[in-house]
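A short worksheet on the structure shown next.
The values are calculated or read from the model by the stated rules, or taken from the named source; none is laboratory data. These numbers come from a predicted model, not from an experiment. In this analysis, Cβ positions are derived from the backbone assuming ideal geometry, glycine residues included, and neighbour counts consider all displayed protein chains. These area figures cover heavy atoms from the full protein model, side chains too; ligands, DNA and RNA do not enter into them. Shrake-Rupley method; radii C 1.70, N 1.55, O 1.52, S 1.80 Å.
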Amino acid sequence: MNVTLARKLVRERSAGLCEVKSPWCEGRATNWSHRLAQGQGGLWAPSNGLDVCGMGNATGCHGYLHQHPTRAEAEGWLVPPGQTDPIDVPTRIHTITLGHALVFLDDDGCLSTVRGAA
Ligand SMILES: [Zn+2]
């Protein structure tokens, strides 16, 4: 998948609102965050991207998740290298309809809640 389509699908999924909504959240999504880093083989695919606020490693949720890697991995915001494909790793994100929910992300820009998860 190309970068443009991946970004479009993730932006549609998020409705322009930050999907991580950490304690540092600024609200509006401005950045793509790779769950599995590009340098570790992470693809431009909706299952591997989160629409987040902030910039890089510094501010907002993008900064928060990189500065709190243990929590970020526990929440599925970051996927460690050498594990399974991000499409198989659930992540806790925030949506208008679900609030914070544990979901699987697919490559069509959709998500499905993990059965039994709060
Ligand atoms: Zn945020």
Checklist line | Potential lengthening between Ala58 and Gln40 on full extension [0.36 nm per residue; Cα-Cα distance subtracted] | finding: 4.4 nm
Next item on the list: Work out the length of the dipole vector of the chain about its Cα centre, built from +1 on the beta-carbon of each Lys and Arg and -1 on the beta-carbon of each Asp and Glu, and round it to the nearest 20 debye.
Entry: 240 debye
Checklist line | Portion, in percent, of the accessible area of the chain that falls on carbon or sulfur, probe 1.4 Å | finding: 54 percent
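Please work out the ratio of the alpha-carbon Rg of the chain to 2.2 N^0.38 Å and round it to two decimals. Intermediate results must be reported in sequence, preceding the final value.
Details: Rg = 12.6 Å, N = 118, 2.2 N^0.38 = 13.5 Å.
Ratio of Rg to 2.2 N^0.38 Å for the chain: 0.93.
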Notebook entry, point to check: Among 57-68, 103-114, 41-52, how do they line up from the highest to the lowest mean number of other beta-carbon atoms within 10 Å?
Noted result: 41-52, 57-68, 103-114
